[in-house]
Amino acid sequence: MSSADLDYLSGIGGIKRLASRTVVVTGAAGGIGRAAALRCAAEGANIVAVDCDAHALRSLVSEVNQLGSDCSMVEGDISDLATVESMMSVAETAFGRLDGLVNNAATSGKLSPFETAEPEEFARMIAVNVQPVWRSMQLARAPMARRKGGAIVNIASLAALRAERGVALYGMTKGAVANLTINAALDYASANIRVNAVCPGPVETPMLGKMEKIIDASNTEAARKKIASTIPLRRCATVWEIAGAVAFLLSDDASFITGVLLPVDGGKSVKQ
Amino acid sequence: MNNNSNTEGRLKDKVAVITGGASGIGLATLEHFLQEGARVVFGDMNAENGDKVMTSLSSGLRREHVRFLQLDVSREQDVIDLMTLAESEFGPIDIVFNNAGIGGSIGPLVDTEVDHWDATFEVNSRGVFLGIKHGARAMIRHGGGGSIINTASTAGISGGTGPFAYSATKAAVLSMTKNAALELAEHHIRVNAVCPGIIFTPLGHGGLEEETEAVARIIQPLDVRGEPRHVASAVLYLGSEESAFITGEALAVDGGYLANGLIAVHPLPGAEQKKRYSGMTYGTTGKAPTVRKLQSGQDKWRHHE
């Protein structure tokens with residue numbers, strides 16, 4: 001773990017809102033997923049970490065262990081429903097309970113212009129970004145209900161709420177995630193399972209690099225400035241700021257919050 | 001909730017101002033903020049409730065970290081005095097929670113008096129404007145940024161969830177939240193709102209507790225009784241550095257009420273009675289409501305000229 005990561009995690013005030021809970025995090029090897037897994041672990045949760053990058057997963061396991069929590073890894077392609085089924089059963093076999101689910105795994109796809117995207121890309125975006133979210137929520141109900149409740153946080157996107165050039169297919173999948181979120185919130189409320197989504201604006205992740213290249217391939221520095229200029233707070237989010245929102249929504253601090261799509265976007269969505 | 005062994009405190013050494021802090025959501029937030037290490041000045045119209053809160057705080061550290069000022073949030077000088085008190089007692093202000101509000105004008109809109117409309121806006125909208133204005137001035141003077149949180153309501157977003165004038169005042173709060181967020185971003189001041197749904201406070205159920213519970217079971221998906229602490233923990237999140245990238249947002253704390261589109265419009269507690277009365281309610285300010293019974297045919301406007 002980098003010293004910046006440790007600084008952040010030791011600066012959260014020592015809160016342990018997720019003590020001894022089990023949280024499944026998809027796309028956990030990097031970016032927002034890794035930050036969410038580490039944040040939850042720092043708050044006392046045991047983690048089931050899912051990703052297709054086994055090497056990065058192994059280093060995450062040791063980082064979670066450093067924070068005093070246990071971590072089981074599930075290596076697999078999230079678009080393969082067998083991976084989704086396997087991660088849900090690992091929560092039960094490894095830790096005997098399921099309290100939280102963070103659906104973070106997603107692809108930005110090719111970010112093709114609207115008129116040139118191929119049908120194969122459309123299908124692939126649904127398979128990676130939407131179907132596993134739906135399936136994992138289906139499978140989470142029974143184990144969460146057995147423990148008298150739970151919390152699901154889906155990582156949607158500001159692209160779910162607003163149009164932006166080049167992100168039509170990505171935005172469509174995130175719009176679907178947002179809609180699955182409110183419907184699951186309604187259906188699962190009777191089991192005291194809360195379902196919310198975080199809608200990040202631009203975040204310092206590899207996807208931001210892709211966006212920068214689309215905006216200005218020759219000068220990514222200028223592209224980054226251009227992106228920041230569209231955000232009232234004049235910067236992009238850190239992955240920790242998204243992870244903080246995830247931890248809040250998973251915790252009992254949000255025990256009366258369900259069906260919410262929470263932008264974490266530096267004020268970008270203030271403009272409708 | 002906050003029964004964790006938290007030694008640091010999420011608002012350690014922060015200075016917070018809360019309006020409407022003597023009861024309900026404001027009081028629960030005061031307790032959360034103190035628990036997390038903040039120093040708090042709270043204002044309330046109701047001096048008796050405010051004094052009661054001060055007496056209830058055990059002596060020692062918690063008592064040392066709180067001050068109370070009786071005020072009317074619709075009066076600019078009162079709001080200025082509140083900010084000045086916080087700065088002189090505890091130092092630069094980090095958090096302002098504009099929470100004071102009243103149910104205000106009730107009854108059919110066709111019977112709503114202009115005075116009642118104005119009085120509702122004076123507290124719920126002008127009060128929030130003044131809290132943002134002078135809270136932001138204090139933060140800009142100090143230069144350290146800050147977080148402003150306003151209590152709006154699900155009634156500010158959706159139709160059919162609150163009295164006519166009240167809902168309009170809360171929509172105004174949401175509009176102020178967005179524009180203040182944009183204008184104050186350069187000063188590193190974040191501005192957000194919470195939108196409580198059905199919360200069991202004296203203002204929330206207006207004395208119709210059982211009826212409110214029955215309505216909640218129909219319109220609110222989550223089988224949880226909404227309590228002030230539920231909103232307070234959301235305010236804590238928005239007030240703390242944890243939400244450093246969130247500004248201009250309206251966070252619903254409503255047990256899924258707004259997400260529940262299909263049965264959103266349902267008669268609210270007391271809906272039938274409210275059709276037959278018109279007047280003004282003042283929440284927990286201590287001021288008695290002035291309500292008159294409407295008799296069909298009595299009001300001039302009902303007759304064709």
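Values in this text are rule-based calculations from the coordinates and carry no lab data. A quick note: this is a predicted structure, and the numbers were derived from the prediction, not measured. Please note: Cβ atoms are built from the backbone with ideal geometry, for glycine as well, and neighbour counts cover all protein chains shown.
Residues whose amide H comes within less than 5 Å of that of B:G103, counting only those at least five positions distant or on another chain, are B:G283 (H built at 1.01 Å from N in the peptide plane).
Neighbour counts of other Cβ atoms within 10 Å put A:S2, A:S112 in the fewest-to-most order A:S2, A:S112.
Sequence-ordered 3J(HN,Hα) estimates for the stretch B:240-249 from the Karplus curve with 6.51, -1.76 and 1.60 and θ = phi - 60° stand at 8, 5, 3, 9, 4, 9, 9, 8, x, 9 Hz, glycine and proline given as x.
Label-to-label distance for A:Q138 and A:A228 is 4.5 nm, based on points extended 7 Å past Cα in the beta-carbon direction. Taking a ≥ b ≥ c as the square roots of the eigenvalues of the alpha-carbon gyration tensor, the stretch B:243-291 is classed oblate because a/c is 1.5 or more while a/b is no larger than b/c. Using a Förster radius of 51 Å, what is the FRET efficiency between A:E120 and B:R137 based on their Cβ-Cβ separation? Nearest 0.05, please. My answer for the efficiency is 0.35. Database remark: amide H of B:L69 closer than 5 angstrom to the amide H of B:F42, B:G43, B:D44 (H placed geometrically; neighbours at sequence offset of 5 or more, or on other chains; Pro and chain starts carry no H).
Rounded to the nearest angstrom and listed largest first, the equivalent-ellipsoid semi-axes of the stretch A:142-272 from its Cα gyration tensor are 31, 15, 12. In this simple spin-label model, placing a label point 7 Å from the Cα along the Cα-to-Cβ direction at both A:D187 and A:S20 gives a separation of 3.2 nm. Summing charges over neighbours of A:I12, with a neighbour being any other residue whose Cβ is under 14 Å away from its Cβ, gives -4 when K and R count +1 and D and E count -1.
Full extension of the segment from B:L182 to B:T55, taken as 0.36 nm per residue of separation minus the current Cα-Cα distance, would add 41.7 nm. Listing A:C52, A:C71, B:C195, A:C236 from fewest to most neighbouring C-beta atoms within 10 Å gives A:C52, A:C236, A:C71, B:C195.
Of the Cα atoms belonging to the stretch B:158-251, the radius of gyration and Dmax stand at 15.3, 47 Å. For B:V291 and B:D223, a Förster radius of 25 Å and the Cβ-Cβ distance give a FRET efficiency of 0.15, rounded to the nearest 0.05. Within straight-line reach of B:K287, meaning a Cα separation under 13 Å, sit the following aspartates and glutamates at least 8 residues removed in sequence or on another chain: B:D44, B:E48, B:D72. Once backbone amide H atoms are built at 1.01 Å from N, A:G150 has A:I193, A:R194 as its partners under 5 Å, excluding neighbours fewer than 5 places away on the same chain. Among all the lysines, which ones have a C-alpha under 16 Å from A:K210's C-alpha, if same-chain residues fewer than 8 places away are not counted? List returned: A:K110, A:K225, A:K226.
Its alpha carbons considered, the stretch A:1-67 gives a radius of gyration followed by a Dmax of 11.0, 33 Å. Place a point 7 Å from the Cα of B:Q273 along the Cα-to-Cβ direction; which residues of the stretch B:87-126 have their backbone N under 17 Å from it? Under cut-off, by backbone N: B:103-108. The gain in end-to-end length when the A:A82 to A:S3 segment is fully stretched comes to 24.8 nm, 0.36 nm per residue minus the alpha carbon separation.
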